[in-house]
Amino acid sequence: LNAIVIVGAGQAGFQTAASLRQDGFAGSITLVGDEAGMPYQRPPLSKAYLLGKTDAPGLLFRPEKFFADHRIDLVNSAATALDRTNRRVSLADGNALPYDHLVLATGAHNRSLPVPGAELDGVFGLKNLGDADALATRLGEIENVVVIGAGFIGLEFAAVARANGKNVHVVELADRPMARAVSKEMAEFFADAHRDWGVMLDFGQGLSRIDGERGRVTAVELTNGRRLPADLVVFGIGVLPNAQLACEAGLDIENGIKVDSYLLTSDPAISAIGDCAMFPSQHAGSFIRLESVQNAADQGRAVAARLVGKGAPYAAVPWFWTDQGDLKLQMVGLSAGHDATVRLGDPATRSFSILLFHRGRLIAVESVNRPGDFMAARKILSSRATPRWEEAASDGFDLRAWEA
Ligand code: FAD
């Protein structure tokens, strides 16, 4: 292979480029990104960056010099079409890039709010640096915030807005926060924590419309008819994979660009990784699409290794974190389908873990302010041996001691 082109200069794309050089790839690497500037990390956008604890240079994966030193050509343009027969990518700037192997790392875009008024000024999604900057400015000027969707990003933003002294109201269709991702017990702990901070939470409620005056948002109306004053509406109701380029090129698409266990698409000259890819997960036992730094970075590393001849089926253990107020929640494994739990530690101390089991076997661990448990759980879930429920439920069980 001589020329590798990576489309998407986010977490997965950047990692692929960096790992290729680290693994000794000597050919050309072109990283194509449609955002302005240097590649940056998204997680702080809804946390440290909005709290003013980190600035824009602090978000960059690496300074500009890294790209020159490692001969990674960064092209700030959008890929607009793939010519698979001649192995070329067309760009919005009019150029076309030839490739021997192409990596699609195009990420995902926010699902939009399907209600009247969604276009009003003051209604924000949070995906990129531009969104965060606009949001930070607006947050300084307003009082009443309504957050639509109690997922990770919605709750992180709610905690930030509350810390800034705003009136914050979160509206969620499900009966609890983070319902698809964490156990009921953990969800309820976080709901209580937000209430303690003074965040108002409305579950089992949808949004029916957003009202405005002179083009600017003033209130929202819920499906039960209740009206909430709002001068800022932030929505986080899920994302959809950026699969259009792949779809138009005739690659297999389902919930994302479909890849095999080596992260290859239906065209062996094209890989797909990160938020845009649907892959066969050993941990889920099915095809899934994950939206996390871990998944994007590990898949980038896996593709780089394969491209230098050290390929192996992708098998990394999924993990994730979220920061809300003084709480850091770290999760490892996939919680879906758990049928029993064990709690280690006391939630009242704000430091505890919940172990999730399926038919007696440990499948996931959720830790709040207990990084030691999280680290131990990552090792345990990467190995074959895991504690059984009976053992974990017995007095004095310690995850760190078990792992050691
Ligand atoms: P991205 O990082 O989104 O990168 C994709 C890039 O491709 C984008 O820059 C996009 O503009 C570009 N692109 C798309 N189409 C084209 C095209 N045709 N041509 C050129 N470029 C294109 N994960 C965690 O694990 N923990 C967290 O705490 C966490 N917090 C988050 C907070 C926020 C506000 C957001 C938005 C995400 C957060 N995530 C978190 C998720 C994590 O950031 C993503 O899962 C990760 O960035 C996915 O990496 P990716 O490379 O697949 O996609």
>> For the stretch 286-296, give me each residue that is over 25 Å from ALA159 (Cβ atoms) and crowded, with 19+ Cβ neighbours inside 10 Å.
In response: ARG289
> So how many residues does the stretch 257-275 have that are in a loop (DSSP other than H, G, I, E, B) and open to solvent by 10 Å² or more (accessible area, probe 1.4 Å)?
Replying inline: 7
> Within the stretch 385-401, how many residues turn out to be in contact (Cβ under 8 Å) with a residue 12 or more places away in the chain, outside any loop (DSSP other than H, G, I, E, B) and under 20 Å from ARG359 (Cα atoms)?
Replying inline: 5
> Restricting attention to the stretch 109-133, which residues are away from the ligand (no atom under 13 Å from the Cβ) and open to solvent by 40 Å² or more (accessible area, probe 1.4 Å)?
Replying inline: SER112, PRO114, PRO116, GLU119, ASP121
>> Checking VAL234 against (1) within 30 Å of THR218 (Cα to Cα); (2) near the ligand (Cβ under 9 Å from one of its atoms); (3) open to solvent by less than 10 Å² (accessible area, probe 1.4 Å), only one condition comes out false. Which one?
In response: (2)
> So CYS247 fits all but one of (1) open to solvent by 40 Å² or more (accessible area, probe 1.4 Å); (2) more than 30 Å from LEU307 (Cβ to Cβ); what number is the exception?
Replying inline: (2)
>> If I go through the stretch 320-330 residue by residue, how many of them are touching a Leu at 6+ places or on another chain (Cβ under 9 Å), buried (at least 19 other Cβ atoms within 10 Å of the Cβ) and of a type outside the set (Asp, Glu)?
In response: 3
> Any idea which of (1) within 16 Å of the ligand (Cβ to nearest atom); (2) within 29 Å of GLU156 (Cβ to Cβ); (3) β-branched (Val, Ile, Thr) is the one THR349 doesn't satisfy?
Replying inline: (1)
>> Scan the stretch 22-29 and tell me whether some residue there is in a loop (DSSP other than H, G, I, E, B), modelled with pLDDT of 95 or more, more than 25 Å from THR265 (Cα to Cα) and open to solvent by 50 Å² or more (accessible area, probe 1.4 Å).
In response: no
> Residue check: is ALA312 more than 30 Å from ASP192 (Cα to Cα), modelled with pLDDT of 95 or more and open to solvent by less than 20 Å² (accessible area, probe 1.4 Å)?
Replying inline: no
>> Among the residues in the stretch 223-230, are any in a helix (DSSP H, G or I), hydrophobic (A, V, I, L, M, F, W, C) and either at pLDDT 95 or above or more than 16 Å from the ligand (Cβ to nearest atom) (or both)?
In response: no
>> Being charged (D, E, K, R) and either more than 26 Å from VAL5 (Cα to Cα) or within 16 Å of the ligand (Cβ to nearest atom) (or both) is the filter here; which residues of the stretch 283-322 pass it?
In response: ARG289, GLU291, ASP298, ARG301
>> Quick check on my filter: what residues within the stretch 210-231 are surrounded by 15 or more Cβ atoms within 10 Å (Cβ to Cβ) and under 11 Å from ALA118 (Cα atoms)?
In response: ILE210, ASP211, GLY212, VAL217, VAL220
> Within the stretch 204-216, is even one residue in a strand (DSSP E or B), hydrophobic (A, V, I, L, M, F, W, C) and away from the ligand (no atom under 16 Å from the Cβ)?
Replying inline: yes
> Being under 16 Å from PRO44 (Cβ atoms), surrounded by 22 or more Cβ atoms within 10 Å (Cβ to Cβ) and of a type outside the set (S, T, N, Q), is that true of even one residue in the stretch 137-153?
Replying inline: yes
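So that you can scan it fast, the table gives a plain yes or no per residue for (1) in contact with a Pro (Cβ under 8 Å, 6 or more places away or on another chain); (2) crowded, with 19+ Cβ neighbours inside 10 Å; (3) at pLDDT 95 or above:
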residue: PRO318; (1), (2), (3): no, yes, yes
residue: VAL332; (1), (2), (3): yes, yes, yes
residue: PRO347; (1), (2), (3): no, no, yes
residue: ARG350; (1), (2), (3): no, no, yes
residue: ALA364; (1), (2), (3): no, yes, yes
> Mind checking which residues of the stretch 38-65 are in contact (Cβ under 8 Å) with a residue 40 or more places away in the chain, more than 9 Å from the ligand (Cβ to nearest atom) and among the basic types (Lys, Arg)?
Replying inline: ARG62
> Does ASN86 satisfy being more than 10 Å from the ligand (Cβ to nearest atom), open to solvent by 70 Å² or more (accessible area, probe 1.4 Å), at pLDDT 95 or above and closer than 24 Å to LEU245 by Cβ?
Replying inline: yes
> When the residues of the stretch 237-255 are filtered to those that are without any contact (Cβ under 8 Å) to a residue 60 or more places away in the chain and not in a loop (DSSP other than H, G, I, E, B), which remaining residue is farthest from the ligand (Cβ to nearest atom)?
Replying inline: GLU254
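The values are calculated or read from the model by the stated rules, or taken from the named source; none is laboratory data. Computed from a prediction, not measured in an experiment: that's the story for all the values here. Glycine gets a Cβ as well: all are built from the backbone with ideal geometry, and neighbour counts include every protein chain shown. Please note that ligands, DNA and RNA were not included when accessible areas were found on the heavy atoms of the full protein model with its side chains. Shrake-Rupley method; radii C 1.70, N 1.55, O 1.52, S 1.80 Å.
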